[in-house]
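One structure is given here, and the rest of the page talks about it.
Read the figures in this text as sums done on the coordinates, not as results from a lab. These numbers come from a predicted model, not from an experiment. Positions of Cβ are backbone-derived with ideal geometry, glycine not excepted, and every protein chain shown enters the neighbour counts.
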Amino acid sequence: MRSHASESVAVEDANFEGVSTSGELLRTEGLRKTFRSGSQEIAPLDGIDLSLERGEMVAIVGPSGAGKSTLLHLLAALDTPTSGAVYFAGNSLRSLAEGELAEYRNRAVGFVWQRHHLLPDFTAAENVAMPLLVRGQALGQALHAAEDWLAEVGLANRAGQRAGELSGGEQQRVAIARALVNHPVLLLADEPTGDLDERSAEAVFELIERLHRSHHLTSILATHNLSLARRTDRVLALEHGKLAPGAEVLAGAAARAARPASTGVRPPGERG
Ligand SMILES: Nc1ncnc2c1ncn2[C@@H]1O[C@H](COP(=O)(O)OP(=O)(O)OP(=O)(O)O)[C@@H](O)[C@H]1O
Ligand SMILES: [Mg+2]
């Protein structure tokens, strides 16, 4: 992103904590994504207008297949929209050259996957160091930074352990350290607690909350866990290709939780 002055600022912000903690960071306009399935076309995203302020933590909820992962992939520039645009710090991702996009993915965005995607035969520190090595940093320096990050996520004593030997919760902590090792401004987490038991999910969510605050991140979490979602600044519900305020979804969940189990009454069409 070095060729455009304003884009350089966006990337520098990523390395300079505490700067520009207000104002819009991310915006989408009429974002649409279609996939072809045989003769049918499906549009999981059918006109998404989203604006995210710096420092916000937003949860995106919605049924399986609603398009949550698809949306996060477009925001991370891991995929391109069929139409519409994503703006990061005022710049359309569409206007960036391939090298600038690579820099955006590597430097501006930290991505946490539901299934961590660690390299099981590499150590925790080597996994965390990977984005730094991709950037061309020397191995020793990268491993040193990785160890600092592992300490920050509570795994100082696991740096030399093979990732495949760690528990699910520990692996997700390593994945979070890997996502943040380049000091991104934007954290995108796709069901980061989806594969974990309740206790590990709570611990991982608390870690994300803490890092979100201490590193002045702007964060979007896709999640099925409504009790965790309601602890974010704002909940958005994705359904039928559109994003809407998630208040209704949360109220419905609260009403179901309050209903005595003995009634056994379930509205038609209720999931689960
Ligand atoms: N590469 C692809 N090719 C074809 N269809 C796809 C592709 N990626 C996603 N889809 C379809 O788009 C829709 C949205 O998928 P997506 O994975 O974004 O949903 P999701 O909300 O993340 O679901 P989950 O909660 O199960 O993770 C689904 O119908 C899915 O089958
Ligand atoms: Mg998904």
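Things worth noting here:
- Backbone amide hydrogens, once placed in the peptide plane, bring residue 53 within less than 5 Å of 25, excluding anything fewer than 5 places away on its chain.
- Dimensions of region 80-224 along the principal axes, based on C-alpha atoms and rounded to the nearest Å, stand at 43, 39, 27, largest first.
- When the Cα gyration tensor is reduced to axis lengths a ≥ b ≥ c, the ratio a/c is 1.5 or higher for region 60-152, and with a/b not above b/c it is classed as oblate.
- More than 28 angstrom apart: percent of Cα pairs within region 5-253: 31 percent
- Listed residue (92, 207, 222) projecting farthest to the positive dipole end of the chain, Cβ model: 222
- For region 5-253: relative contact order, % (alpha-carbon pairs under 8 angstrom, 6 or more apart): 27 percent
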